[in-house]
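Asker: Below is a structure I'd like to ask you about.
The values are calculated or read from the model by the stated rules, or taken from the named source; none is laboratory data. What you see is a predicted model, and the numbers here were worked out from it, not measured in a lab. Every residue, glycine among them, receives a Cβ derived from its backbone with ideal geometry; neighbour counts consider all protein chains shown. Heavy atoms of the whole protein, side chains included, go into the accessibility calculation; ligands, DNA and RNA do not. Shrake-Rupley method; radii C 1.70, N 1.55, O 1.52, S 1.80 Å.
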Amino acid sequence: MKTENKKVVLAYSGGLDTTYCAVYLKKIKGLEVHALTVNTGGFSTSELDAIEKKAKSLGVASFRSVDVTEDYYNSCIRYLIFGNVLKNATYPLSVSAERMVQAIAVAKYVEDTGAAYVAHGSTGAGNDQVRFDMVFTGMVPGATILTPIRDLKLSREQEVQFLKENGVEMNFEKAKYSINKGLWGTSVGGRETLNSKDYLPEEAWPTPLTASEPMQISLDFEKGELKSVNNKNFDHPVRAIQALQVIAQAYAIGRDIHVGDTIIGIKGRVGFEAAAPLIIIKAHHLLEKHTLTKWQLYWKEQLSGWYGNWLHEGQMLDPTMRNIEKFLEDSQSTVSGKVFVTLEPYRFTVTGIESKHDLMSSRFGSYGEMNSGWTGDDVKGFAKIFGNQTAIFHKINEAAGSTK
């Protein structure tokens, strides 16, 4: 260990792994532990108070919590909405997106404190270890990264035994399901997600079904960003997202299990509930289909898929991401209007939109019925020219006997 600087910033959540790290780094490694909890919209004030009390009981040199919820939206979520990003057409990147913002906040705190070390409680089996390590390596290359759980290959039982031996009192009974809550959704892990067959039971979901009567709501978007819910305006999209979540979560909307490829090359499953994120993405997508051209939609889809996957794999700091963000933001100049959604238990339907930018205008004809912008002869000429190269290909090769 370095002797001239014994400060270590620990990304601290108050769970078993980070509790172990706090005690181990202080008592075994002799370091000065500065615990940092990064709130991305998932902690209440009472929960943060409990986390702080717990950290101080472990003897940390300092504890700090930072709320980065708005920064989380501004630097990440808004682009996931602009891009209609659903990994594998399912998952709104609830955890993977927030981990990047949390890691960046921890790295900034390392700079502020001048710490020689930075630590996180990731195991060696998941994605988070890569996300944290890459951000720390890129932002604070002079700090040594410490990962006790991963490096010591600890089992849960070993962690519990160590903490008991060191007089730590906490509820060591493992919850049946692990829950991670943030602004952009809640992940749910349990026995069922460890295999390929089982689905999570009703009791596994953090938010129970409490509403049964269908409800019609409206969402107002301005240049791709949610500004109003049921005609109530909000000073920041974060508040609009939170308001929609309160309404929609009562219907148990947004539950699913994501199956995907991890950064380290294995496949995994994770349950999630994300009522507001899924409704917003689907509503925004419908508004775009009315207000963007065919090729705008096409290129957005290509770039957005790559953007979401690269973010998921911990590459938020890649400068290419800034290039794509500029494209996505520029594409939203006409994506404004009202979207109508019907909520029902376990499901929702995006029913329609109103927008002054709607390209489905009766001034230019009604699909399948009437047109007012061209004549039948115009279409005949267009069809002949549009299909000309394909017709030439077949005529040439039929004559040569080589169409198959």
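Asker: Where is the GNM fluctuation largest for the chain (alpha-carbon springs, 10 angstrom cutoff): Ile145, Ile28, Ile324?
Answerer: Ile28
Asker: Follow-up. Taking a ≥ b ≥ c as the square roots of the Cα gyration tensor eigenvalues, with a/c under 1.5 meaning rounded and otherwise prolate when a/b beats b/c, else oblate, which class fits region 209-281?
Answerer: Since a/c reaches 1.5 but b/c is at least a/b, the shape of region 209-281 is classed as oblate.
Asker: Next question, about the same structure. With +1 on the Cβ of every Lys and Arg and -1 on the Cβ of every Asp and Glu, and nothing else charged, how large is the dipole of region 149-217 about its Cα centre, in debye rounded to the nearest 20?
Answerer: Once rounded to the nearest 20, the dipole reads 240 debye.
Asker: Related question: Charges only on Cβ, +1 for Lys and Arg, -1 for Asp and Glu: so what's the dipole of region 86-185 about the Cα centre, in debye to the nearest 20?
Answerer: 380
Asker: Hey, another quick one. Can you pull out the chymotrypsin sites (Phe, Trp or Tyr not before Pro) in region 86-178 whose DSSP state is coil and whose Cβ has at most 15 other Cβ atoms within 10 Å?
Answerer: Answer in residue order: Phe172.
Asker: Report the one residue of Val101, Phe221, Gly260 whose Cα lies farthest in the direction of the positive end of the charge dipole of the chain (charges on C-beta: Lys and Arg +1, Asp and Glu -1; origin at the Cα centre).
Answerer: The listed residue farthest towards the positive side: Gly260.
Asker: How large is the dipole of region 50-91 about the Cα centre if only Lys and Arg carry +1 and Asp and Glu carry -1, each at its Cβ, rounded to the nearest 20 debye?
Answerer: 200
Asker: Quote the accessible area belonging to His357 in square angstrom, nearest 10, computed with a 1.4 Å probe and with ligands, DNA and RNA left uncounted.
Answerer: The value for His357 is about 60 Å².
Asker: Please list, by residue number, every one of the GluC sites (Glu not before Pro) in region 156-189 that is coil in DSSP and has at most 15 other beta-carbon atoms within 10 Å.
Answerer: Glu169, Glu173
Asker: Could you state how much accessible area His312 has, in square angstrom rounded to the nearest 10, with a 1.4 Å probe and all protein chains kept in place?
Answerer: Looks like 10 Å² after rounding.
Asker: Out of the trypsin sites (Lys or Arg not before Pro) in region 1-43, which ones are loop residues according to DSSP with at most 11 other C-beta atoms within 10 Å?
Answerer: For trypsin sites (Lys or Arg not before Pro) across region 1-43 that sit outside H, G, I, E and B with at most 11 neighbouring Cβ atoms in 10 Å, the list reads Lys2.
Asker: A further question on this structure: Quick check on the chain: of the DSSP beta bridges with both residues there, what percent are antiparallel, nearest 5%?
Answerer: Here the antiparallel bridges make up roughly 70 percent for the chain.
Asker: Shifting gears a bit: How large is the helix-only mean residue ellipticity at 222 nm for the chain, computed as the sum of -39500 (n - 2.57) over DSSP H runs with n ≥ 4, divided by its residue count, in deg cm²/dmol to the nearest 500?
Answerer: Result for the chain, helices only: -12000 deg cm²/dmol.
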